[in-house]
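The values are calculated or read from the model by the stated rules, or taken from the named source; none is laboratory data. Because the structure is a prediction, the values reported are computed rather than measured. Note: ideal-geometry Cβ built from the backbone for every residue, glycine included; neighbour counts use all protein chains shown. Surface accessibility is based on the protein's heavy atoms, side chains included, excluding ligands, DNA and RNA. Shrake-Rupley method; radii C 1.70, N 1.55, O 1.52, S 1.80 Å.
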Amino acid sequence: MSDVAGAAVPSRDLCRDLSGALFSLRGISVLIAAAIVLLIVYPIGLMIWAVFGPDSAVHKEGLIEALVRENIWLVLQNTVIVVAASGALAMTFGTLLAWLNERTDAGAGRMGEILPLMPLLMPQIAGVIGWVMLLAPRAGLLNVGLRSLANSFGIEITSGPLDIYTIYGLIAIMALYLTPYVYLPVSSALKSLDPSLEEASRMAKANAFTTFRRVTLPAIRPALLAGLLLVMMMGFAIFSVPVIIGSGAKIEMLPVLIYRLVYAYPARVDLAILLGLLLTVLVQVLLLLQTVLAPANLSAQIGGKAQRAARVHLGVWRWLARILLLSFIVTAGVLPLLGLAFVSLQPFWTPNINVNTLGFDNYRTIFFNSSLAGKALVNSVVLGAVGGTLGMLIAALLSRSAQVSGSGVNRLIQAVTAAPAGVPHVVVAVGFILSFSSGWLNISGTWLILLLAYLVIFMPQAMRSASVAVAQVGKELTEAAAIFKAAPGRAFRSVMLPLMLPGLAAGWVILFVQMAGELTASALLAKTSNPVIGQVLLDLWQNGSFPEIAALALTATIINILVVTAVFAFVRRKRGLQT
Amino acid sequence: MRSGQDSYHHTYMPMHVAAGDGDKSSHIRVSGLTKRYSTSRGQVLALDDVSISIGAGEKLVLLGPSGCGKTTLLRCIAGLESPDAGEIEIDGKIVYSSSRGIHVPPERRGLSMVFQSYALWPHMTVFQNVAYPLINARVPKADIEGRVMAALRMVNCDIYADRYPSQLSGGQQQRVSLARAIVGRDETILFDEPLSNVDALVREQLRSELAALQKKLAFSTVYVTHDQSEALALADRIAVMRSGKVAQIGSVREIYERPASLYVAGFTGAANVIEGRITKVEKDVATVETSIGLLQVRPDGLTAGQAISIVIRPEHLQFSKVRPPVNPIQGRIELATFLGVYTEYTLSAKDQLGKDQRLVVRSTRPDLLDEGSDVWVTLDARHAVTFARDDVHE
């Protein structure tokens, strides 16, 4: 499939080869890869230069002092404790849920597909706000319910009994959003693990538990390790939970400190940069550990064929297990949605629910009276759609050329596109502020800076989906296209692309949802001239107009649900046709 | 290639080959082809200096066990694999040359191929699949439908034109993929174990249809298989491959009757090997002393005192009610397996050293001999092949 031909080929072919080389898959791929490298290396280089360069405003003694003044040790301590505790919880629950769904009779088909998608359906900040609306100590709806239940037993409480603004609340909600990062690799490892291995263990007289311990767990150890490292990386990078719940509980974590340093007055961008680099180093170390310890090709497992496994019969425990699975779906998706829905219908957030005052005034406000909220909705949806489409196209091209190129090019593309995974979103944002806010590169306050940031941030995610889509197209199918006289470009258009379409569409949905709900980078890069949902929600939260927040968050969630449902229906129809 | 074979091929020249091409002795010429793979366990030589030529309209079968390099050779000819050294010439045009830096991509080699996994595109209908090569070759739109339907009729699949591949059985899918391969009227069609994915009954049927189609359209064929009966049924010539080398290339009869090595004999179904030493060489016959007695074989090229292996096919050992006058072997039937057309017997022949010499005998005799009974068999010297044991490379 090489584009290189020799001198003996007639000259017409030679011309074709020359133009082919320029516009070839590889040519375009190299350009795109270079652009990605530039968008990562340039901002981070500038950051390093700003901190350690000769013009650095940071003087070493002053720096340490300044960091200590910002309670750096406490912040680090908080961060480590919260990440460790929530990570451990997520590991336990993620693995348990995956095993229950894939290998026991508690698993109920579609539930397993929906489960990891639940947290995706709402913009993360919307979900977190939903939980606050349920569990805030005084006005939280669940607390109101629990109190009235207690009152009916004659117990008088005025606040609580649950309080989300504590370290326990912070850890619990963090764990909730980290669980899918364990569930996904573990369940796909279980899916692709040949069930006959476990069946052979059962035939060798081992019971279900021994089989799980001696056969299943060792076999999926790479996936567990991948999940663990992913959880730690995400734990250090997640912004919405610490900024909403952590700030309320007066527990500051590293990403929030970086954000505050940029946003507070007087701004300490130099300190933010320094901490950003620290966070990057931390995550890079984890990423390095992952590539060393865990096998590189998790995506191949996701593409693996689903086989029917002999399921463990749980007996009476089956219903308990099913309730556990269901309760994750409820807690991750349904409950915060209900919280948002209730508050969005009230004139102001109050524990005393008066049916007569419920109405849609807040929706009217955000759609017609508040230009910022309306603009943010439009901007986010457009950015999600454009960014998702561009991202998947780029990723499809890169994965395809990685597949057909030699192992060297392949590895280079993999490395370049995986790199942003090791740069926390808040750091990308700080780097972009530094790079694109002045001079001829000034695109600050435009949709372009957001689009570029989103593309860089979500490129690893796009590549994961695209490489699965590419791998799903059998090698012989593309070889057959070449044999039957299709030039590489035509083979890509007429065979690769249509066959990859379902996989690309699934990847597009994930990109759309994440980009449209992005908060971490947007909080720093979006302004009143380019508002997006995540940033507007955060701003409104800090100003305390809760019913409007709820209305906006719910609207964004409904848009997400509609888009996800529509695209998955399309994917299922396409797949149904071909199999 | 011998000149006698050339004239044979001329009668089967494809209709569409331009006049003047006919005097070429070979249509595809592969020379000095070498291909290395690097695996985790080091380098593997998949093709080791392979040279081979295929005449126009000729049917060449590459036969060998998995890993012998036959598929790699086919894929190199197709252009799907890039060799490390050597040269490939198709129809007078060099499509690969390591020394001249030529690598023509598959779409410009003028070949078509039938894949092991059918490789029908699941998002196209049967019609669209078969039309694809014509569209790529810029055949006028008006001609496409007629040619596609004609090709589909040839494989009895015209009624499935509007279906998707997933709605067809494995055998039907392979028929469609055959139609796709013939529709472009390429001079050469490559087959990569095309029948190994369909079940036994369909396989035999497809095999004979394929042979008929080849006779009718007279395209050159390079056919990869590990199944010797498939090779015998479809080939003009067979190249038996082993560890990246051509162990022997020759007509079907040559390979079958005069295998060049024990390996080739074994791979084409000669199951019985009797070791011995030549005691006497006369004009018409050589006498061999073996552990199961004195046997007489053809004397060609043998000298007294030589250690040899006698190779004989199961169907060339014959039962005898009484002690046969020539090459008598006495044995006891250990296992009788009725296989429909014939019965396969495993004999344990008498051995002076008390060691078992096992022999497999195939007989079409209707009466089944009992397991455990003592029998006489005779070895037909005309069909016995001998190899000097120094030649045995293991």
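The set of residues in segment B:155-172 being open to solvent by less than 70 Å² (accessible area, probe 1.4 Å) and more than 14 Å from chain A (Cβ to nearest Cβ) consists of B:Val155, B:Cys157, B:Asp158, B:Tyr160, B:Ala161, B:Ser169, B:Gly170, B:Gly171, B:Gln172.
I'd like the full set of residues that are out of contact with any helix residue (DSSP H, G or I) (no Cβ under 9 Å at 6 or more places or on another chain), surrounded by 15 or more Cβ atoms within 10 Å (Cβ to Cβ) and not in a loop (DSSP other than H, G, I, E, B), limited to segment B:370-387. Scanning segment B:370-387 gives B:Val375, B:Trp376, B:Val377, B:Thr378, B:Thr386. Looking only at segment A:498-513, residues that are open to solvent by less than 30 Å² (accessible area, probe 1.4 Å) and within 8 Å of chain B (Cβ to nearest Cβ) come to 1 in all.
Set side by side, the residues A:Ala453, A:Ala418 differ, and just one is among the aliphatic types (A, V, I, L, M) and either without any contact (Cβ under 8 Å) to a residue 12 or more places away in the chain or surrounded by 20 or more Cβ atoms within 10 Å (Cβ to Cβ) (or both), which is A:Ala453. Out of (1) loosely packed, with under 12 Cβ neighbours inside 10 Å; (2) over 22 Å from B:Arg277 (Cα atoms); (3) in contact with a Lys or Arg (Cβ under 9 Å, 6 or more places away or on another chain), the odd one out for B:Asp367 is which? Of everything listed in (1) loosely packed, with under 12 Cβ neighbours inside 10 Å; (2) over 22 Å from B:Arg277 (Cα atoms); (3) in contact with a Lys or Arg (Cβ under 9 Å, 6 or more places away or on another chain), B:Asp367 misses just condition (3).
So that you can scan it fast, the table gives a plain yes or no per residue for (1) open to solvent by 10 Å² or more (accessible area, probe 1.4 Å); (2) within 22 Å of A:Leu538 (Cβ to Cβ); (3) not in a helix (DSSP H, G or I):
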{"position": "A:Ile157", "(1), (2), (3)": "yes, no, yes"}
{"position": "A:Leu170", "(1), (2), (3)": "no, yes, no"}
{"position": "A:Leu184", "(1), (2), (3)": "yes, no, no"}
{"position": "A:Phe212", "(1), (2), (3)": "yes, no, no"}
{"position": "A:Thr216", "(1), (2), (3)": "no, no, no"}
{"position": "A:Leu230", "(1), (2), (3)": "yes, no, no"}
{"position": "A:Ile251", "(1), (2), (3)": "yes, yes, yes"}
{"position": "A:Pro255", "(1), (2), (3)": "no, yes, no"}
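Okay, residues lined up against (1) outside any loop (DSSP other than H, G, I, E, B); (2) crowded, with 22+ Cβ neighbours inside 10 Å:
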| site | (1), (2) |
| --- | --- |
| B:Leu190 | yes, yes |
| B:Leu195 | no, yes |
| B:Leu201 | yes, no |
| B:Ala211 | yes, no |
| B:Val222 | yes, yes |
| B:Val240 | yes, yes |
| B:Glu254 | yes, no |
| B:Tyr263 | yes, no |
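Among the residues examined, B:Gln205 qualifies as more than 14 Å from chain A (Cβ to nearest Cβ) and in a helix (DSSP H, G or I). In segment B:77-95, the residues that are within 12 Å of another protein chain (Cβ to nearest Cβ) and without any contact (Cβ under 8 Å) to a residue 12 or more places away in the chain reach residues that are in a loop (DSSP other than H, G, I, E, B) and surrounded by fewer than 22 Cβ atoms within 10 Å (Cβ to Cβ) with C-beta atoms within less than 8 angstrom, at least six apart or across chains, in these pairs: B:Ile94/A:Ala8; B:Ile94/B:Arg100.
A search for C-beta distances below 6 Å between a residue of segment A:456-485 that is more than 9 Å from chain B (Cβ to nearest Cβ) and more than 23 Å from A:Leu383 (Cβ to Cβ) and any residue that is surrounded by 20 or more Cβ atoms within 10 Å (Cβ to Cβ) and polar (S, T, N, Q), counting only pairs 6+ apart in sequence or on different chains, returns A:Ser467/A:Ser399; A:Val470/A:Ser399. From the list A:Val564, A:Val495, A:Val532, exactly one residue is within 14 Å of another protein chain (Cβ to nearest Cβ) and open to solvent by less than 30 Å² (accessible area, probe 1.4 Å). Which is it? Testing whether each residue is within 14 Å of another protein chain (Cβ to nearest Cβ) and open to solvent by less than 30 Å² (accessible area, probe 1.4 Å) leaves just A:Val495. Do we have any residue at all in segment B:131-142 that's of a type in the set (A, V, I, L, M, F, W, C) and within 26 Å of the chain's Cα centre (by Cα)? No.
Kindly indicate whether any position in segment B:47-59 is open to solvent by 40 Å² or more (accessible area, probe 1.4 Å) and among the β-branched types (Val, Ile, Thr). Scanning segment B:47-59, I find no residue that is open to solvent by 40 Å² or more (accessible area, probe 1.4 Å) and among the β-branched types (Val, Ile, Thr), so the answer is no. Against the condition in contact with a Ser or Thr (Cβ under 8 Å, 6 or more places away or on another chain), of a type in the set (S, T, N, Q), within 14 Å of chain A (Cβ to nearest Cβ) and under 28 Å from B:Val198 (Cβ atoms), how does B:Gln116 come out, does it pass? It is true that B:Gln116 is in contact with a Ser or Thr (Cβ under 8 Å, 6 or more places away or on another chain), of a type in the set (S, T, N, Q), within 14 Å of chain A (Cβ to nearest Cβ) and under 28 Å from B:Val198 (Cβ atoms). The conditions of being surrounded by 15 or more Cβ atoms within 10 Å (Cβ to Cβ) and either facing chain A (nearest Cβ under 9 Å) or among the small types (Gly, Ala, Ser) (or both) are met by B:Ile135. With respect to the conditions (1) at pLDDT 90 or above; (2) buried (at least 19 other Cβ atoms within 10 Å of the Cβ); (3) of a type in the set (Gly, Ala, Ser), B:Ala119 falls short on a single one, namely (1).
Quick check: anything in segment A:128-142 open to solvent by 40 Å² or more (accessible area, probe 1.4 Å), under 24 Å from A:Val256 (Cβ atoms) and at pLDDT 85 or above? No, segment A:128-142 contains no residue that is open to solvent by 40 Å² or more (accessible area, probe 1.4 Å), under 24 Å from A:Val256 (Cβ atoms) and at pLDDT 85 or above.
Scanning segment A:531-552 for any residue that is on the phi > 0 side of the Ramachandran plot and at pLDDT below 85 turns up at least one such residue.
To keep it simple, each residue is scored yes or no on (1) in a loop (DSSP other than H, G, I, E, B); (2) open to solvent by less than 20 Å² (accessible area, probe 1.4 Å); (3) modelled with pLDDT of 80 or more.
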position	(1), (2), (3)
A:Ala21	no, no, no
A:Val37	no, no, yes
A:Gly45	no, no, yes
A:Ile64	no, no, no
A:Asn78	no, no, yes
A:Ala85	no, no, yes
A:Ala90	no, yes, yes
A:Leu100	no, yes, yes
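Residue check: B:Ile308 meets all listed conditions (1) over 28 Å from B:Gly250 (Cβ atoms); (2) part of a strand (DSSP E or B) but one, namely (1). B:Asp186 fulfils the conditions (1) part of a helix (DSSP H, G or I); (2) over 15 Å from B:Leu210 (Cβ atoms); (3) open to solvent by less than 40 Å² (accessible area, probe 1.4 Å) except for a single criterion, (1). Would it be correct to say that A:Ile559 is open to solvent by 20 Å² or more (accessible area, probe 1.4 Å) and either within 30 Å of A:Phe367 (Cβ to Cβ) or more than 13 Å from chain B (Cβ to nearest Cβ) (or both)? Yes; evaluated as a whole, the condition is true for this residue. Taking the criterion of being closer than 13 Å to A:Ala84 by Cβ and open to solvent by 10 Å² or more (accessible area, probe 1.4 Å), the residues of segment A:232-249 that qualify are A:Met232, A:Phe236. Of all residues in segment B:38-63, those satisfying the criterion of being part of a loop (DSSP other than H, G, I, E, B) and more than 14 Å from chain A (Cβ to nearest Cβ) are B:Arg41, B:Gly55, B:Ala56, B:Gly57, B:Glu58.
Within segment A:292-323, the residues that satisfy the criterion of being of a type in the set (A, V, I, L, M) and modelled with pLDDT of 80 or more are A:Leu320, A:Ala321, A:Ile323.
Taken as a whole, the structure places A:Leu289 among residues that are within 23 Å of A:Leu225 (Cβ to Cβ), in a helix (DSSP H, G or I) and modelled with pLDDT of 70 or more. Applying the criterion of being free of Cβ contacts under 8 Å to residues at least 24 places away in the same chain and polar (S, T, N, Q) to the residues of segment A:181-210, the residue that is nearest to A:Met91 (Cα to Cα) is A:Thr210.
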